[in-house]
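Just below is one structure, and these are the notes that go with it.
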Protein chains: 2
Amino acid sequence: MTSNAPKRTIISIDAMGGDRGPAAVVAGLALSAEKNPDIGFLLHGDKPTLEPLIAREANLQGRVEIRHTQEVVTMDAKPSHVMRNGKETSMWATIDAVRNHEADVAVSCGNTGALMLLSMVRLRKLPGVNRPAIACLWPSRNPGGFNIMLDVGADIRADDTDLLQYAMMGASYARNGLGIARPRIGLLNVGTEEHKGHPVLKSAHELITNAAEDANIEFVGFVEGVDIPSDQVDVIVTDGFTGNVALKTAEGTANLMAGFIRESFTETVLAKLTALIAKASLGRLKLRMDPRRANGGVFLGLNGTVVKSHGSADPVAISSAVKLAFTLARSGFNQKLAARVASSGTLRQDDMSTKDEEQA
Amino acid sequence: MTSNAPKRTIISIDAMGGDRGPAAVVAGLALSAEKNPDIGFLLHGDKPTLEPLIAREANLQGRVEIRHTQEVVTMDAKPSHVMRNGKETSMWATIDAVRNHEADVAVSCGNTGALMLLSMVRLRKLPGVNRPAIACLWPSRNPGGFNIMLDVGADIRADDTDLLQYAMMGASYARNGLGIARPRIGLLNVGTEEHKGHPVLKSAHELITNAAEDANIEFVGFVEGVDIPSDQVDVIVTDGFTGNVALKTAEGTANLMAGFIRESFTETVLAKLTALIAKASLGRLKLRMDPRRANGGVFLGLNGTVVKSHGSADPVAISSAVKLAFTLARSGFNQKLAARVASSGTLRQDDMSTKDEEQA
């Protein structure tokens with residue numbers, strides 16, 4: 001496969017999404033281009049704005065093709081409105097470049113709801129996928145530093161077979177994005193005992209248990225919120241309502257604690273002096289908790305991979321999202337995921353097994 | 001009312017619940033007794049074990065009545081089993097003392113599920129309450145340091161009228177436990193826009209909006225996970241599944257960050273030295289995040305108040321749960337909550353309004 005792959009992986013970028021505007025996006029691409037010679041960019045947005053930004057970046061020369069678009073999807077635009085009226089937007093063009101096979105993967109910092117809806121309609125769902133999902137990287141105690149959690153907000157509903165598919169899609173992501181050969185999957189619940197939780201969770205527990213061996217995953221069963229960053233699990237599966245609440249609750253908790261840390265080191269003159277001395281230790285802490293390192297929610301279950309960067313992403317965060325997009329595109333992730341979902345939907349005797357291919 | 005109140009508020013305590021055993025419980029009571037001369041204790045458990053523990057504590061002399069019980073509810077006991085066979089346990093006796101009006105409020109560090117089920121069956125639901133809830137104190141940016149969140153796990157289900165009742169019960173708790181005259185209520189969702197979320201949330205939004213003025217609460221509408229510790233809200237309302245996941249996710253996030261903080265200050269010799277110097281600042285931080293300060297989930301919606309202390313509570317945490325129980329009992333909280341729930345269930349023209357009483 002790789003012998004026929006082009007030297008450069010082409011990433012389709014929405015230059016106009018995000019709170020910080022195209023300057024932050026272009027600066028992020030420059031960081032990525034400097035580190036990785038195998039990336040090329042298709043950049044969608046306002047050409048007169050983008051040209052001088054790119055001209056300033058030595059690392060981007062000859063690496064970026066600009067596709068001019070007239071319009072921008074605003075952060076507060078209603079997804080359905082964008083769907084009807086957004087043909088001239090940079091977001092639309094960014095996704096269509098993947099649809100048309102001009103690019104391998106798409107990245108946008110724009111409006112999540114609009115990006116999800118456009119991705120679903122333009123790329124369409126993979127055969128056999130009922131609900132696509134958004135997967136995020138969650139800081140964890142595992143050696144790689146991150147676990148995968150899905151769905152964190154593509155759809156507020158999920159039935160038992162959706163949760164089974166999330167388990168399969170999350171496992172594919174863990175293999176191809178994090179390099180984990182046999183991912184450990186946990187199903188989020190309010191307790192680890194099998195009798196706990198909604199009926200749909202009990203049924204999903206059974207479905208995933210039965211599918212685990214063929215899918216080469218280790219199903220650890222129910223996990224609780226406290227286990228999400230644990231090193232006993234690699235992928236946490238839940239519906240998009242619960243996942244979104246959990247993700248934002250963790251964000252709120254981290255913000256609160258970071259605020260307390262700042263205050264505890266500025267309350268007295270002595271504490272301020274101490275903070276100077278403790279700078280290296282606090283810096284190491286900040287680095288480990290830096291949300292920019294984990295930037296990039298991935299839309300799973302579509303004919304093409306879309307990486308959603310934070311709306312407020314700065315150049316470092318955008319570069320991190322680009323790196324994730326590159327890794328997934330190079331691994332042939334989406335084709336493997338499609339095979340995985342298809343096989344989990346077949347009867348066992350019909351399963352031709354794509355295990356070997358996916359682990360290769 | 002207060003003129004007829006007994007000088008001492010009697011707190012019914014389960015001495016045998018909890019991971020640390022009766023010694024930690026008795027030490028916690030001694031801390032409370034030292035600080036507060038208006039508390040008396042009804043202590044349920046194994047008399048031969050408890051007598052020497054109490055004899056050692058000067059502050060507890062003449063303040064504790066021991067009620068001997070033969071049996072203990074273990075932490076892994078099935079609630080239904082305790083319900084059928086638990087008549088001789090210290091937990092059962094602890095709750096029955098409230099039922100029999102021998103005590104004003106109950107405190108236990110034992111098995112949450114069993115405590116909830118026993119409380120529901122022995123104390124029964126308040127008239128008009130469909131589902132009781134567990135409310136917890138959540139560290140926040142508000143001046144008092146805590147917000148109230150409910151339900152965090154009494155029942156995994158909640159319909160729109162349940163969520164309305166949670167809003168009313170949480171508001172009563174905020175008034176009587178935290179001294180907030182006009183509590184601000186938020187309804188947990190995946191976005192703040194009114195079109196977001198499950199239908200039951202939209203319907204609850206409407207119910208709470210309509211009830212807000214009569215109930216003297218400020219309904220701030222939908223809030224997200226990131227807003228739970230915010231200073232824009234005092235009470236966060238959600239179903240017991242989502243609330244339990246959020247609570248445990250926050251716990252997991254706080255644990256992870258605390259671990260990172262420890263490691264960042266021990267990675268190098270210089271960092272270890274720095275940590276010594278930073279000890280005061282780190283100590284202040286630890287104090288603000290100390291879960292023992294917020295110890296005590298409160299069961300709301302029953303004929304009597306039950307405070308659930310952490311299973312692993314140490315004496316400081318137990319004393320903190322006792323203080324909360326005392327504050328709620330002294331405020332006549334449960335009677336006011338009953339009146340509030342009753343009034344929210346009546347038609348507006350029938351509402352005789354208990355506002356003045358509750359705010360007194």
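Taken together, the values in this text are just the output of simple stated rules run on the coordinates, not laboratory data. The shown structure was predicted, so the numbers you read here are calculated from the model rather than taken from an experiment. Glycine gets a Cβ as well: all are built from the backbone with ideal geometry, and neighbour counts include every protein chain shown.
Observations
- Label-to-label distance, residue B:59 versus residue A:85, with points set 7 angstrom from Cα along the beta-carbon direction: 6.7 nm.
- Relative contact order, percent, the stretch B:138-292 [alpha-carbon distance under 8 Å, six or more residues apart]: 32 percent
- Residue-span extension gain [residue A:330 to residue A:47] - 0.36 nm each, minus C-alpha spacing: 99.0 nm
- Listed residue pairs exceeding 26 Å between alpha carbons, taken from B:196/B:336; B:35/B:248; B:47/B:308: B:196/B:336; B:35/B:248
- Estimated D of the stretch B:40-190 in µm² per second, where Rh is the Kirkwood radius over Cα pairs and Stokes-Einstein applies at 20 °C, 1.002 mPa s: 122 µm²/s
- A straight line joining the Cα centroids of the stretch B:181-216 and the stretch B:81-140 runs 28 Å.
- Take the convex hull of the alpha carbons in the protein assembly as shown; its mean projected area over all directions comes to 35.3 nm².
- In nanometres and ascending order, the distances from the residue A:49 label point to those of the other copies are 6.9 (point 7 Å from Cα along Cα→Cβ).
- Under 5 Å from the amide H of residue B:187 lie the amide H atoms of B:221, B:222, B:223, B:237, each residue being 5 or more positions distant or on a separate chain, with H modelled from the backbone and absent for Pro and chain starts.
- Between copies, the label points at residue A:125 (set 7 angstrom from Cα along Cα-to-Cβ) are spaced 3.6 nm, reported in nanometres from shortest to longest.
- In this rough spin-label picture, where each label sits 7 Å from Cα along the Cβ direction, the residue B:200-residue A:200 distance is 1.1 nm.
- Length released on extending from residue A:258 to residue A:210, taking residue separation times 0.36 nm less the Cα-Cα span: 13.0 nm
- Note on residue A:181 and residue A:35: the extension gain reaches 49.9 nm, defined as 0.36 nm multiplied by sequence separation minus the Cα-Cα distance.
- About the Cα centre, charge dipole magnitude for chain B (Lys/Arg +1, Asp/Glu -1 at Cβ), debye: 900 debye
- Ascending distances from the residue B:23 label point to its copies in the other chains, with the point 7 Å along the Cα-to-beta-carbon line: 6.5 nm.
- Point-to-point label distance, residue B:251-residue B:193, nm (Cα→Cβ direction, 7 Å offset): 3.5 nm
- Range of Cα positions in chain B per principal axis (Å), largest first: 60, 58, 42
- Proximal aspartates and glutamates relative to residue B:323, as straight alpha-carbon distance under 18 Å, when same-chain residues fewer than 8 apart are discounted: B:14, B:34, B:38, B:104, B:290, B:314
- Counting only the Cα atoms, the stretch A:138-292 fills a convex hull of 117 Å³ per residue.
- Under 10 Å, Cβ to Cβ, from residue B:193 - net charge with Lys/Arg +1 and Asp/Glu -1: 0
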